[in-house]
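The values are calculated or read from the model by the stated rules, or taken from the named source; none is laboratory data. Keep in mind it's a predicted model, so treat the numbers as computed, not measured. Every residue, glycine among them, receives a Cβ derived from its backbone with ideal geometry; neighbour counts consider all protein chains shown. Ligands, DNA and RNA are stripped out before the accessible areas are found, and what is left, the full protein with its side chains, is counted by its heavy atoms. Shrake-Rupley method; radii C 1.70, N 1.55, O 1.52, S 1.80 Å.
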Amino acid sequence: MGAIMDRQNLTEIVKPQSTIDRGGILVAKEIAEKTVWDKLALENPTHAVISAGSEAEAAKKSAAQIADIKAHVQAGDILLDLGTGYGRVAKYLLPQMSLRGYVGVDSSFEMLTLFKQHYSASEAEQQTPLLLLNADIHTLPLRDASVDVVIVSAVFLHNHKSVVEQAMAELKRVVKPGGTILIYSSFPRAATLMGMQGLAYQAFLNLIGRPFKNGPVRYYWRREIMHLFDGFTEVELKPVGYALLPKSLIFLPKPIDKVWRTLVAKPLNRALEYITPTFLKYYCAVHFDVVAKR
Ligand SMILES: C[S@@+](CC[C@H](N)C(=O)[O-])C[C@H]1O[C@@H](n2cnc3c(N)ncnc32)[C@H](O)[C@@H]1O
């Protein structure tokens with residue numbers, strides 16, 4: 001590949017008449033109403049996207065993920081970052097390798113504005129043409145077979161499962177045959193004590209007539225994840241993390257939950273992980289990461 005693409009060329013992968021240019025960010029005509037993420041972007045974006053108190057901590061927490069992405073991406077690729085947030089991945093990846101194009105999609109305009117700010121201030125990031133799309137993950141204003149690699153990091157879990165199903169159909173459509181999909185921290189396991197609480201919470205949301213609320217964590221059975229990847233090849237599920245005790249008690253008042261998290265769950269899980277035989281650790285994993293080919 002090699003030919004450097006400018007932003008003008010990169011916009012050619014956008015469906016005609018599907019977006020409006022708002023200060024360099026393309027807003028999908030179908031964008032849903034403002035999300036909670038706009039508010040979080042203004043308050044503390046690093047905490048919102050990766051539970052980090054500072055930029056330095058976010059950089060440290062991102063290192064292993066960036067190394068993994070680098071292993072799957074080539075310089076000639078157009079990479080789609082679905083639910084890109086403030087562009088954390090681009091911020092650490094692009095100074096290490098430039099790509100043919102980086103496409104950041106997010107339903108939060110505020111998050112994309114933060115992305116645009118650090119991109120505009122970084123010559124290293126600007127070596128890669130950037131396209132920012134203010135759009136929903138399940139209605140992508142992109143042409144068929146227009147991107148080579150997709151990353152989805154900590155996005156699916158906050159959406160209703162029907163939205164995720166539609167988003168996966170969109171990914172099938174926009175990824176080139178042979179392209180790669182990398183999913184991080186998006187499929188928390190239902191077969192855990194935390195997962196049981198999450199399933200109960202979804203039942204509660206259904207009961208109060210707010211099943212689609214964006215934000216609460218959705219938990220997955222292995223077979224549900226495999227079903228989402230029907231039509232993909234080389235689908236690999238990687239168990240990540242360890243938690244036998246639930247890290248949070250979501251139905252209890254926040255102060256009690258905080259005591260549980262810090263004084264009970266965290267130290268006990270650490271001790272339990274130490275004594276759990278390796279062959280049993282799979283059953284205590286917190287979530288599955290996925291790598292697959294289109
Ligand atoms: C926890 S943050 C993760 C951000 C980024 N992927 C990262 O790992 O740094 C989740 C992001 O997904 C976006 N998001 C959640 N649901 C979305 C949806 N249905 N459509 C588009 N973006 C969505 C939010 O606006 C937010 O910026």
From a point 7 Å beyond the Cα of K161 in the direction of its Cβ, which residues of segment 225-251 have a backbone N at a distance under 17 Å? 225-230
Return, for the Cα atoms of segment 58-101, the radius of gyration and Dmax in Å, separated by a comma. 10.0, 27
Between the alpha-carbon centers of segment 106-146 and segment 191-222, tell me the distance in whole angstrom. 29
If you take the Cα Rg of segment 204-294 and divide it by 2.2 N^0.38 Å, with N the number of residues, what do you get? 1.36
Global size of the chain as Cα Rg and Dmax, reported in angstrom: 19.2, 58
Modelled label-to-label distance, K60 and D6, 7 Å Cα→beta-carbon offset: nm? 4.3
Segment 115-194 - accessible surface per residue (Å², probe 1.4 Å): 32
Using a Förster distance of 25 angstrom, determine the FRET efficiency expected from the C-beta separation of Q17 and K172, and round it to 0.05. 0.65
Which value in nm describes the separation of the simple spin-label points at K70 and D257, placed 7 Å from the Cα toward the beta carbon? 3.7
How large is log10 of I(q)/I(0) for segment 74-143 at q = 0.22, 0.24 Å⁻¹ when the intensity is taken from the Debye formula with one equal scatterer per alpha-carbon? -0.88, -1.03
Percent of accessible area on segment 109-254 owned by carbon and sulfur, 1.4 Å probe? 59
Express in whole angstrom the spacing between the alpha-carbon centres of segment 69-85 and segment 161-177. 16
Between T139 and K266, what is the label-point separation in nm under the 7 Å Cα-to-beta-carbon projection? 4.1
What does the charge count around P216 come to, taking other residues whose C-beta lies under 13 Å from its C-beta (Lys +1, Arg +1, Asp -1, Glu -1)? +4
So which of K61/K266; K39/K116; K60/K293; K60/K281; K176/K293; K161/K258 end up more than 21 Å apart, counting from Cα to Cα? K60/K293; K60/K281; K161/K258
Is the C-alpha gyration tensor of segment 187-245 telling us rounded, prolate or oblate? Criteria: a/c under 1.5 is rounded; beyond that, a/b larger than b/c is prolate, otherwise oblate. oblate
Using a 1.4 Å probe on heavy atoms of the protein chains only, the accessible area for W260 in Å², nearest 10, reads 60
Whole number please: convex hull volume per residue of the Cα set in segment 1-150, in Å³? 108
Loop-located trypsin sites (Lys or Arg not before Pro) in segment 124-224 whose Cβ has at most 16 other Cβ within 10 Å (DSSP): R143, K213
Short version: ³J(HN,Hα) in whole Hz for each residue of segment 154-170, in order, from phi by Karplus 6.51 cos²θ - 1.76 cosθ + 1.60 (θ = phi - 60°), x for Gly and Pro, what are they? 6, 10, 4, 4, 8, 10, 4, 4, 5, 5, 5, 4, 5, 5, 5, 5, 5
Selection of trypsin sites (Lys or Arg not before Pro), segment 1-90, meeting DSSP coil and at most 16 other Cβ within 10 Å: K29, K34
Relative contact order %, segment 1-82, counting alpha carbon pairs below 8 Å whose residues are six or more apart: 21
Farthest toward the dipole's positive end in segment 1-139, which of G76, Y102, Q126, given Cβ charges of +1 (Lys, Arg) and -1 (Asp, Glu) about the Cα centre? G76
Report ³J(HN,Hα) in whole Hz for each residue of segment 96-110, in order, from the Karplus equation J = 6.51 cos²θ - 1.76 cosθ + 1.60 where θ = phi - 60°; Gly and Pro get x. 8, 7, 9, 10, 6, x, 10, 10, x, 10, 7, 7, 9, 5, 5
On a 1.4 Å probe surface of the protein chains, which of L193, L26 comes out largest in accessible area, and what is the full order? L193, L26
If you average 1/r over every pair of different alpha-carbon atoms in segment 83-197 and take one over that average, what Kirkwood value in Å do you get? 15.1
